[in-house]
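K.L.:
Submitted below is the structure of interest, expressed as structure tokens.
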Amino acid sequence: MTINPATVDPIRRDSSSRRIGHFVRRHEEGVWRVGGRTASLLPVAALLFVVIVLAVKAWPAVKVNGFGFLTSTSWLPGNTYGGVEHVHGVMIPAGARYGAWPLIAGTLQTSAIALIIALPISIGTAFALTERLPKWIAQPVGFFVEILAGIPSVLIGLWGVLVLGPFLAHDVYPIVANHVPNVPVLRYFAGSVGYGEGLLTSGLVLGLMIVPIIASTTRDLFLQVPPLPKEGAEALGMTDAEVARRVTIPWVRSGIIGATVLGLGRALGETIAVAMVSGSVLGAIAPNVYGTMTTIAATIVSQLDSAATDGTGFAIATLAEAGLLLAIISIAVNLLARFIVRRSSRMSAPVGRA
Amino acid sequence: MSVVTVGYPKTGWRRAKAISFRLFTWGSLLFVVGPALWLIIGVVARALPNWRWNVLTTLSQGTSGGLENAIVGTAVLMLGVLAIAGTVGVLTGIHLSEFAISRTGRASGGTMRVAIDVLSGFPSIVLGYVGYIALCVGLHWGFSLLPALLILSMMVVPYIAKSTESALRQVPTSYREGADALGMSTGYALRKVVVKSALPGIVTGLLIALSIAGGETAPLLYTAGVTNNLPTWSILHHPIAYLTYYVWTDWNQPTAEAHIVSFDASLILIVMVLVLLVVARVIVARTQRHAEGAR
């Protein structure tokens, strides 16, 4: 039997492609290292780029609007077709006065409502998924909750404005508004209920959007709680409510807080859904919880078109200042979440933006 | 909870608290699953009665016509994001998991991790604004594919990087040690053993990132523009259509035809996102089963 050496000993076949393969294999670790390092510097560069562009674009607006930007409630684009004023060396349309207090208030109000609703519901859902439902049904239901995080926000907005808002304004809000007592806080639930576009509807829609983030993280955290302490507490005669309050929740408290703050970050920056259900009213704070309003993000998306028609560019600069404000709030919230989470166990990321 | 089943205590107050806690957990689940089902069924129920298959093959005429341009545009955007954000995100994840480790064995790369965390929670409209002002206007690129891709990639790179990193960290140490013992070079072992066994996790992250990219509206409104034509091969100066635009603009147009377009786009979006997420989930479930079998 003759043996063809070329098929038995492939190392002898010294083709050029083999030589390239040899080179790559020899330097493969270096290729991975250089590629990885270069790629991982890009997000840092992108973030710096974004913040610098915002700061540069916002600078004229910061100079003109001053500190009053944070407290004033007027949103007047000025006379776009006529006169021009010079303020602090910046050219602005005559009569342009911008104040972001209604936007800031709207952003904080909607996010607060979203958190007040989402946190208890998420914790309750996590308990139902980990301790109530049998495993074969808890898994698909848990997956369904995760899917909710992946539904595009424009669809949630569409549903909010066409289905949820009218339903609430027609069937729920009037009942609440006619029965609340005239005492502080609850007073804001009285009065005209509008058509379903407004503060409370926005808060509810935002709450629905951040529940999956908080709930799926909380569920994963609950699953990490070892069974022995819980069983010990049960053996001492605690009810499951007491076990939850005294063992399970304290065990993962900082993780829940971290997930909540991440959800808060999402609620603060959410744009499209809020722009669709808030009513998008500029320069006014909602008189009651049903009132129409706007947020920083919703204002940027709805005003950028008309701001581009301002020949002096001042409206664009003001939107940059609003964006910078939102970016600072968002960065602060994220760093806070990071600080809290780092002191707790590692979290698994939920589906969707988190 | 566990094997032990707890009966309600006899005393009134603790009994009331225990019962209300159970009601609260069931109620919470209802308040999450109920609206979610209501949302999906509500959108699908409004879209189906007027669904025509020819929206898939007809070009849009603004508030009427089909959605072929938007479907192809969204597909192009997703493929572009897969190419740009996929490359950057996976390499970043590999760097964070494999190389960003200090000599003491603790995780380093702090700045990158902070940047990725901050970027992942960054308001999407602010990214869109920066894309508009710096890329479309500042660099005279106009509404076009490239600025849209760059902004979308900025949004999803953190997600891909995080999921890649956690997938790589779940690769058992014994795999790496085994590769080492066989005399593989670090780079070869990384490609053939570590990345390969983490591939399902990486692909899952990519699919979820794709579903995010396909469903975004705010960052695209002022970077991609919109057009009634199919995407061209030029990545600059030519606007590109996408599905979420038609949901966002057509729902409150006066004509019934526009509403139909809006709901058709919604239906396609929901199906697309659900398919991507379910495929991602199936991959996770399959690999978990194999991992358990291998043990």
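The values are calculated or read from the model by the stated rules, or taken from the named source; none is laboratory data. Because the structure is predicted, anything quoted here is derived from the model rather than measured. Cβ coordinates were reconstructed from backbone atoms using ideal geometry, including for glycine residues, and neighbour counts include every protein chain displayed.
K.L.:
Given the criteria of a type in the set (D, E, K, R), in contact with a Phe, Trp or Tyr (Cβ under 8 Å, 6 or more places away or on another chain) and at pLDDT below 90, does residue B:46 qualify?
P.N.:
When the stated conditions are applied, residue B:46 passes them.
K.L.:
Inspect the range B:76-87 for any residue being surrounded by fewer than 21 Cβ atoms within 10 Å (Cβ to Cβ) and on the phi > 0 side of the Ramachandran plot and give the result as yes or no.
P.N.:
no
K.L.:
Which ones in the range A:158-180 are closer than 24 Å to residue B:244 by Cα, touching a helix residue (DSSP H, G or I) at 6+ places or on another chain (Cβ under 8 Å) and not aliphatic (A, V, I, L, M)?
P.N.:
Listed by number, the residues that qualify are A:159, A:160, A:165.
K.L.:
Taking the range A:267-308 as the region of interest, how many residues are under 16 Å from residue B:245 (Cα atoms) and among the aromatic types (Phe, Trp, Tyr)?
P.N.:
0
K.L.:
Hey, does the range B:242-250 have a residue that's more than 12 Å from chain A (Cβ to nearest Cβ) and buried (at least 23 other Cβ atoms within 10 Å of the Cβ)?
P.N.:
no
K.L.:
Test residue A:50 against the stated conditions and say whether it is touching a residue at least 24 places away in the same chain (Cβ under 8 Å) and either at the interface with another protein chain (Cβ under 7 Å from one of its Cβ atoms) or within 16 Å of residue B:131 (Cβ to Cβ) (or both).
P.N.:
yes
K.L.:
Could you list all residues from the range B:59-68 that are in a strand (DSSP E or B) and either of a type in the set (S, T, N, Q) or out of contact with any helix residue (DSSP H, G or I) (no Cβ under 9 Å at 6 or more places or on another chain) (or both)?
P.N.:
Residue satisfying the conditions is B:60 alone.
K.L.:
Something else about it: All but one of (1) more than 19 Å from the chain's Cα centre (by Cα); (2) at the interface with chain A (Cβ under 9 Å from one of its Cβ atoms) hold for residue B:214, so report the exception by its number.
P.N.:
Result: residue B:214 passes all but (1).
K.L.:
Identify the single condition in (1) crowded, with 16+ Cβ neighbours inside 10 Å; (2) among the charged types (D, E, K, R); (3) out of contact with any Gly (no Cβ under 6 Å at 6 or more places or on another chain) that residue A:187 does not satisfy, given that it satisfies every other one.
P.N.:
Against the list (1) crowded, with 16+ Cβ neighbours inside 10 Å; (2) among the charged types (D, E, K, R); (3) out of contact with any Gly (no Cβ under 6 Å at 6 or more places or on another chain), residue A:187 comes up short only on (1).
K.L.:
Another question, if that's okay. Within the range B:216-257, work out how many residues are touching a residue at least 12 places away in the same chain (Cβ under 8 Å), farther than 25 Å from residue A:270 by Cβ and assigned to a helix (DSSP H, G or I).
P.N.:
Selection size over the range B:216-257: 1.
K.L.:
Among the residues of the range A:317-332, write down those that are at the interface with chain B (Cβ under 7 Å from one of its Cβ atoms) and either surrounded by fewer than 24 Cβ atoms within 10 Å (Cβ to Cβ) or farther than 26 Å from residue A:79 by Cβ (or both).
P.N.:
A:326, A:327, A:330, A:331, listed by residue number.
K.L.:
Could we say that residue A:116 is more than 30 Å from residue B:44 (Cβ to Cβ) and among the β-branched types (Val, Ile, Thr) here?
P.N.:
yes
K.L.:
List every residue pair whose Cβ atoms sit under 8 Å apart, with the two residues 6 or more apart in sequence or on different chains, where the first one lies in the range A:83-112 and is in a loop (DSSP other than H, G, I, E, B) and the second, anywhere, is of a type in the set (Phe, Trp, Tyr).
P.N.:
So the pair list comes out as A:96/A:314; A:99/A:69; A:99/A:75; A:100/A:69.
K.L.:
Going through the range B:166-191 one residue at a time, which ones are facing chain A (nearest Cβ under 10 Å) and assigned to a helix (DSSP H, G or I)?
P.N.:
B:166, B:169, B:186, B:187, B:188, B:189, B:190, B:191
K.L.:
Answer with yes or no whether residue B:16 is assigned by TED's automatic domain parsing to the domain that holds residue B:255, in a helix (DSSP H, G or I) and among the aliphatic types (A, V, I, L, M).
P.N.:
no
K.L.:
Here is a further query. Scan the range A:174-186 and tell me whether some residue there is farther than 25 Å from residue A:282 by Cα, in a helix (DSSP H, G or I), within 14 Å of chain B (Cβ to nearest Cβ) and not small (Gly, Ala, Ser).
P.N.:
No, the conditions are met nowhere in the range A:174-186.
K.L.:
Another one. Which is assigned to a helix (DSSP H, G or I), within 12 Å of another protein chain (Cβ to nearest Cβ) and not charged (D, E, K, R), of B:71, B:116?
P.N.:
Result of the check over B:71, B:116: B:116.
K.L.:
Hey, which of the helices (runs of 4 or more DSSP H) in the range A:199-286, taking only ones fully inside, have at least 2 residues that are at the interface with another protein chain (Cβ under 10 Å from one of its Cβ atoms) and surrounded by 24 or more Cβ atoms within 10 Å (Cβ to Cβ)?
P.N.:
Helices (runs of 4 or more DSSP H) meeting the threshold: A:199-224, A:253-269, A:272-277.
K.L.:
Looking only at residues that are facing another protein chain (nearest Cβ under 8 Å) and touching a residue at least 40 places away in the same chain (Cβ under 8 Å) in the range B:129-153, which one is farthest from residue B:76 (Cα to Cα)?
P.N.:
Ranking the qualifying residues of the range B:129-153, first place goes to B:129.
K.L.:
Could you please find all residues in the range B:43-58 being touching a helix residue (DSSP H, G or I) at 6+ places or on another chain (Cβ under 7 Å) and part of a loop (DSSP other than H, G, I, E, B)?
P.N.:
Answer for the range B:43-58, where residues must be touching a helix residue (DSSP H, G or I) at 6+ places or on another chain (Cβ under 7 Å) and part of a loop (DSSP other than H, G, I, E, B): B:51, B:57, B:58.
K.L.:
Can you work out which of the residues in the range A:133-150 that are in contact (Cβ under 8 Å) with a residue 40 or more places away in the chain and within 8 Å of another protein chain (Cβ to nearest Cβ) is nearest to residue B:273 (Cα to Cα)?
P.N.:
Per the stated criteria, the residue is A:150.
For every residue, the table says whether it meets (1) within 27 Å of residue A:208 (Cβ to Cβ); (2) not polar (S, T, N, Q).
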site	(1), (2)
A:62	no, yes
A:78	no, yes
A:85	no, yes
A:100	yes, yes
A:107	yes, no
A:113	yes, yes
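K.L.:
Which one is nearest to residue A:327 (Cα to Cα) among residues in the range A:103-132 that are at the interface with another protein chain (Cβ under 9 Å from one of its Cβ atoms) and surrounded by fewer than 21 Cβ atoms within 10 Å (Cβ to Cβ)?
P.N.:
Out of the qualifying residues, it is A:117.
K.L.:
Need the failing condition index for residue B:260 against (1) buried (at least 24 other Cβ atoms within 10 Å of the Cβ); (2) in contact (Cβ under 8 Å) with a residue 40 or more places away in the chain, just the number.
P.N.:
Result: residue B:260 fails condition (1) only.
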